[in-house]
Amino acid sequence: MSAFKAVGVLGAGTMGNGIAQVFAHRGYQVRLVEVDEGLLKKGLGRIQKSLGKLAEKGKLAPETVESVLGRIQSGTALSALADCDLIIEAITENEAVKVKVWREVDKLAKQDAIFASNTSSISITRLAAATSRPKQFIGMHFMNPVPLMKLIEVIRGLDTADETMNVIFETAKDLGKVPVEANDFPGFVANRVLMPMINEATYALMEGVATAENIDEIMKLGCAHPMGPLRLADFIGLDVCLSILEVMHRELGDPKYRPCPLLRKMVAAGHLGDKSGRGFYTQQA
Ligand code: CAA
């Protein structure tokens, strides 16, 4: 067990509920805060389902499912984070919203609490600067699906202290994950490399190079990827892919990150992938 006892998770969406789950699974007391009651309920349901799946597979004793769930205290008020030693934010990928929430959390959190953002592309240095504790601010980028994926990309902001880095590395290992350090640049490493591939696959589809199924099959069998890039884009969310590409395009200023017009069109039409039931593929309800 690391130095942290109570861990706060802000946001119960895809990433937030997975993060809450892995901490509770490992024995941490978790405070899961989500402003939207409906999303909170949905997030808790997904944790339950995921734990059930892990129990089915023998990765978790069925009788411990209830005790894992019992370690997750959930609610809609930020005040629940007041006793947390580590607070991880996994709310919407919107910098202005993140800054506003971090300013509020900064006022009520313990002085020595560590702040981590799960942002997939927004500057850790800028988010840290919105708080009174940039030395205690870090990026902790989990991968989807959080309970299954080993990596945590740990992002060092310009002022992140070595002690913060060390305690987050220890915690990641304690969760059974593999922490890997990256510096604070738009998209960090995972998305800097992954998103241009997804974007290029979308261009290939738009230009008629191959069908979606064939693009994915070629990449799966040809490059040993577990999912093809278009299937993966549906899984991540096309809106999330577009917003990450927009951040990289704007902040790195290189036209190679220009989001594919087809990706923009699909997001505009509400074809967001698995979450909306329609993306490059149509999902069963
Ligand atoms: N909890 C518990 N079990 C889960 C789960 C979850 N959250 N998600 C999936 N599973 C289960 C499935 O239900 C399935 O169970 P069954 O075998 O009983 O059907 C099992 O895991 C294996 O899944 P699948 O058979 O569907 O497929 P798989 O063996 O290929 O594994 C996968 C699934 C791990 C998702 C794999 O396809 C994979 O690694 N895909 C790539 C994922 C990836 O690249 N993630 C990173 C996205 S980028 C990101 O997250 C960063 C960002 O900022 C955008």
All-pairs Cα distance distribution in the stretch 28-178, expressed in whole percent, bin size 10 Å:
10, 37, 38, 13, 1
Can you put R192, R156 in order of Cβ neighbours within 10 angstrom, beginning with the fewest?
R192, R156
Could you work out how much longer the chain between L151 and V178 gets when fully extended? Use 0.36 nm per residue separation minus the Cα distance between them, nm to one decimal.
9.2 nm
Among T131, T211, T160: highest mean-square fluctuation, GNM of the chain, C-alpha pairs under 10 Å
T211
Which whole-number percent gives the relative contact order of the stretch 207-264, counting Cα pairs below 8 Å spaced six or more residues apart?
21
With r defined as the distance between the Cβ atoms of A130 and S67 and R0 fixed at 35 Å, what FRET efficiency is calculated, to the nearest 0.05?
0.45
Kirkwood hydrodynamic radius of the stretch 190-268, Cα pairs, Å
12.6
Note on the stretch 110-192: alpha-carbon gyration tensor, axes a ≥ b ≥ c; rule is a/c under 1.5 for rounded, else prolate if a/b larger than b/c, else oblate; result oblate
Given the options A128, A82, A269, which has the most mean-square fluctuation in a GNM of the chain, springs set between C-alpha atoms less than 10 angstrom apart?
A269
Starting from 0.36 nm per residue, how many nanometres of slack lie between A96 and T282 once their C-alpha separation is accounted for?
63.7 nm
With +1 at each Lys and Arg Cβ and -1 at each Asp and Glu Cβ, the charge dipole magnitude of the stretch 190-268 around its Cα centre, to the nearest 20 debye, comes out at 160
Would you mind computing, in nm to one decimal, how far apart the modelled labels at S79 and K57 are, each placed 7 Å from Cα along Cα→Cβ?
4.0
Apply the Karplus curve 6.51 cos²θ - 1.76 cosθ + 1.60, θ = phi - 60°, to the phi angles in the stretch 95-107 and return the couplings in whole Hz, x for Gly and Pro.
4, 5, 5, 4, 4, 4, 5, 4, 4, 5, 5, 4, 6
Under the 7 Å Cα-to-Cβ spin-label approximation, F185 and K256 lie apart by a distance in nanometres of 1.0
Relative contact order of the chain, defined on C-alpha pairs under 8 angstrom at six or more residues apart (%)
14
Which whole number of Å³ per residue matches the convex hull of the alpha-carbon atoms in the chain?
131
Report the label-to-label distance for D106 and K41 in nanometres (one decimal), using points 7 Å from each Cα along the Cα→Cβ vector.
3.5
Distance check, please: which entries in K5/K53; K5/K107; K107/K275; K5/K59 exceed 32 angstrom between their Cα atoms?
K107/K275
Mind jotting down the distance between the C-alpha centroids of the stretch 225-249 and the stretch 1-59, whole Å?
23
Within the stretch 6-183: Cβ-based charge dipole about Cα centre, in debye rounded to nearest 20 (Lys, Arg +1; Asp, Glu -1):
380
Relative contact order, percent, of the stretch 144-285 when contacts are C-alpha pairs under 8 Å separated by at least 6 residues?
19
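Just so you know, all these numbers are worked out from the coordinates, no wet-lab data involved. Just so we're clear, the structure is a prediction, and the values are computed from it rather than from any experiment. Cβ coordinates were reconstructed from backbone atoms using ideal geometry, including for glycine residues, and neighbour counts include every protein chain displayed.
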